[in-house]
Structures are given as C-alpha cells and as structure tokens.
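The values are calculated or read from the model by the stated rules, or taken from the named source; none is laboratory data. These numbers come from a predicted model, not from an experiment. No Cβ is skipped: glycine too gets one built from the backbone with ideal geometry, and neighbour counts run over all protein chains shown. Areas reflect the complete protein model, heavy atoms only, side chains present, ligands, DNA and RNA absent. Shrake-Rupley method; radii C 1.70, N 1.55, O 1.52, S 1.80 Å.
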Amino acid sequence: MDIKENIQRIAATLPAGVQLIAVSKTKPAEAIEEAYVWGQRAFGENRPQEMAAKYQRLPKDIEWHMIGQLQEKNVKYIAPFVRLIHSVDSLKLLMKIDREAAKCCRTIDCLLEFHIAEETTKSGLTYEQAVGIVESEEYRELKNVRIAGVMGIATYTEDAEQVRREFRQLKQMFDRLKELYFTGKPEFKEISMGMSGDYRIAVEEGCTMVRIGSSIFGRREYMNTK
Ligand SMILES: *Cc1c(COP(=O)(O)O)cnc(C)c1O
C-alpha cells in the first residue's frame with residue numbers, strides 16, 4: 001500500500017471545500033505518521049481508547065475525528081482533544097459531551113448523525129428526532145457543544161442511484177435544518193458523507209467532508225461498518 005500515492009490521488013479528485021478525513025481505525029501509528037509526513041492532518045477513528053492512545057503518541061497538530069458510535073461512558077477519553085464528533089445520535093449523548101467538554105474548558109463541535117441507509121443495523125437519527133433535539137430546552141442550555149452539521153452512512157450496495165438518493169436526502173435535511181434552526185450560525189456548515197466506495201457520489205451531492213479508510217491504508221483486518 002503506497003499511502004502517499006493514495007492520498008495524493010484522492011486529494012487531487014476532491015474539489016476545494018471538501019476535506020479529506022483519513023480513516024485510520026485499526027491501523028498502527030506508523031501508518032498515520034506516513035500520511036502525516038505527506039501533509040495529511042485529519043484522521044478518523046471509531047474507538048475512543050484507540051484514538052486517545054494514538055493522540056498521546058503522535059504530533060499534536062493532528063485533528064482527531066470521532067466517526068464511530070460513541071458510548072457516553074467513553075466520551076471522557078477523547079474530550080480533551082477531539083476536533084469533531086461525527087456520530088451524535090441522541091440528546092443524552094450530546095449532553096454528556098457538553099459535561100465532559102466543560103470539565104476540559106472546551107467547546108466541542110459535533111455533527112448530528114442521520115439514518116439514511118436501508119440497513120436497520122446502521123445507527124442515526126430521523127429528521128423528526130433531530131428536530132426534537134434542536135427544539136429541546138436541554139439543548140438550548142448547552143454551552144460547551146456546537147452542532148456543526150450532519151453526517152450519514154449510505155447503504156452498502158452496488159446500486160449507485162440508491163446511494164445518490166440517500167446522500168441527496170441528507171443534503172436536503174441539512175438545508176432544511178440550516179434554514180429553520182441555524183441561520184446566522186456559520187459553524188453549521190459540514191456535511192460528512194462518502195467513504196472509499198462511494199465518495200465520488202457524495203462529492204457530486206455536495207458533501208464538505210469525506211471519510212476514507214481502505215482506499216488510503218488498505219483493507220482492515222476486521223470490518224466494522226459502524
Ligand atoms: C470505517 C468507516 C469509514 C471508512 O470506510 P472505508 O470504506 O474504509 O473508506 C467511514 N465512515 C465510517 C463511519 C466508518 O466507520
């Protein structure tokens with residue numbers, strides 16, 4: 001696997017305004033260092049303890065992105081340094097992130113994760129549930145989190161048109177939320193969608209972040225689609 005070549009090839013296809021998150025979950029710190037040398041600064045992980053261990057070892061100007069399902073009890077491991085949590089799927093989790101961020105005197109940016117795939121095993125909110133969060137009293141009182149946009153994972157399928165419809169739906173939910181709840185909030189701007197197999201479609205449908213793992217680092221020893 002030539003990490004440098006992969007990053008350069010993918011980066012060259014991304015329009016300005018789309019950030020590449022290199023998904024390094026399960027990969028050793030050495031693989032991250034290699035990408036880092038070639039200029040990559042944003043890395044995605046799905047296990048809090050693994051992310052914290054890598055944070056300890058690696059250069060401090062790396063941006064760490066939590067992309068996997070996050071349990072409340074594990075927020076403390078990443079709260080001191082995480083750049084963006086892509087996978088907020090409940091008000092309770094958002095409230096927990098707020099408490100842990102306050103302990104670190106930080107404000108943590110979060111994305112609302114939407115369920116856009118056909119598979120019921122994938123997590124995420126419905127549009128109505130997201131509205132329930134942003135309209136709640138509890139949310140309005142949070143001082144140490146900012147909702148910075150939305151995230152979604154498309155169905156794992158060969159059917160490109162289905163994937164496109166799902167990404168388009170996520171973009172529409174972003175636009176509606178922006179108009180109804182986040183006008184005048186410039187931080188609400190991120191649409192995190194697209195992985196190795198479908199990021200080209202996500203770019204065409206207006207994403208601002210792609211999360212790419214195996215096309216950069218090679219296939220993983222175990223699969224975790226979350
Ligand atoms: C693992 C993972 C990715 C990267 O998947 P690849 O197919 O290896 O690019 C992206 N997003 C999430 C949420 C993931 O868990």
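Run a plain Debye calculation on the chain (Cα atoms as equal point scatterers, no solvent) and give log10 I(q)/I(0) at q = 0.07, 0.09, 0.11, 0.17 Å⁻¹, rounded to two decimals, same order as the q list.
-0.20, -0.34, -0.51, -1.29
Quick one: with all protein chains in place, what share of the accessible area of the chain is carbon or sulfur, to the nearest percent (1.4 Å probe)?
49 percent
May I ask you to evaluate 6.51 cos²θ - 1.76 cosθ + 1.60, the Karplus curve with θ = phi - 60°, for each residue of segment 178-193 and list the ³J(HN,Hα) values in order in whole Hz, giving x for glycine and proline?
Using θ = phi - 60°, the values come out as 4, 5, 8, 10, 10, 5, x, 10, x, 6, 7, 8, 9, 10, 8, 8 Hz.
Going by amide H atoms built from the backbone, whose H comes under 5 Å of the H on residue 149, apart from near neighbours?
Sorted by chain and number, the residues that satisfy this are 112, 189, 190.
I'd like to know which of 163, 101, 207 lies farthest towards the positive end of the charge dipole of the chain, counting +1 on Cβ of Lys and Arg and -1 on Cβ of Asp and Glu.
Of the candidates, 101 comes out farthest on the positive side.
Would you mind telling me the antiparallel percentage of the DSSP bridges in the chain, rounded to 5?
Taking every DSSP beta bridge with both residues in the chain, the antiparallel ones total about 0 percent.
Of 27/171; 92/178; 60/122, which sit over 27 Å apart, Cα to Cα? Please report the intermediate quantities before stating the final value.
Values: 27/171 31 Å; 92/178 22 Å; 60/122 32 Å.
Too far apart for the 27 Å limit: 27/171; 60/122.
Any chance you could tell me what percent of the C-alpha pair distances in segment 117-210 go past 15 Å?
More than 15 Å apart: 62 percent of the Cα pairs in segment 117-210.
Per 0.36 nm of contour for each residue apart, how much would the distance between residue 104 and residue 140 grow if the chain were fully extended, relative to their Cα-Cα spacing? It would help to have the intermediate numbers written out before the result.
Working: separation 36, 0.36 × 36 = 12.96 nm, distance 2.02 nm.
The span from residue 104 to residue 140 would gain 10.9 nm if fully extended.
How do the peptides 151-158, 179-186 rank, highest first, by the average count of neighbouring beta carbon atoms within 10 Å per residue? If you can, show how the numbers build up before the last one.
Values: 151-158: 20.2, 179-186: 10.9.
Put in order of decreasing packing, that is 151-158, 179-186.
At 1.4 Å probe size, with every protein chain present, just tell me what the per residue accessible area of the chain comes to in Å². Each step should come with its number before you reach the end.
Details: 10860 Å² over 226 residues.
Per-residue accessible area for the chain comes out at 48 Å².
By per-residue mean of other Cβ atoms within 10 Å, what is the highest-first order of 137-147, 108-118? Let's see the in-between values first.
Details: 137-147: 14.6, 108-118: 23.0.
Peptide ranking by packing, descending: 108-118, 137-147.
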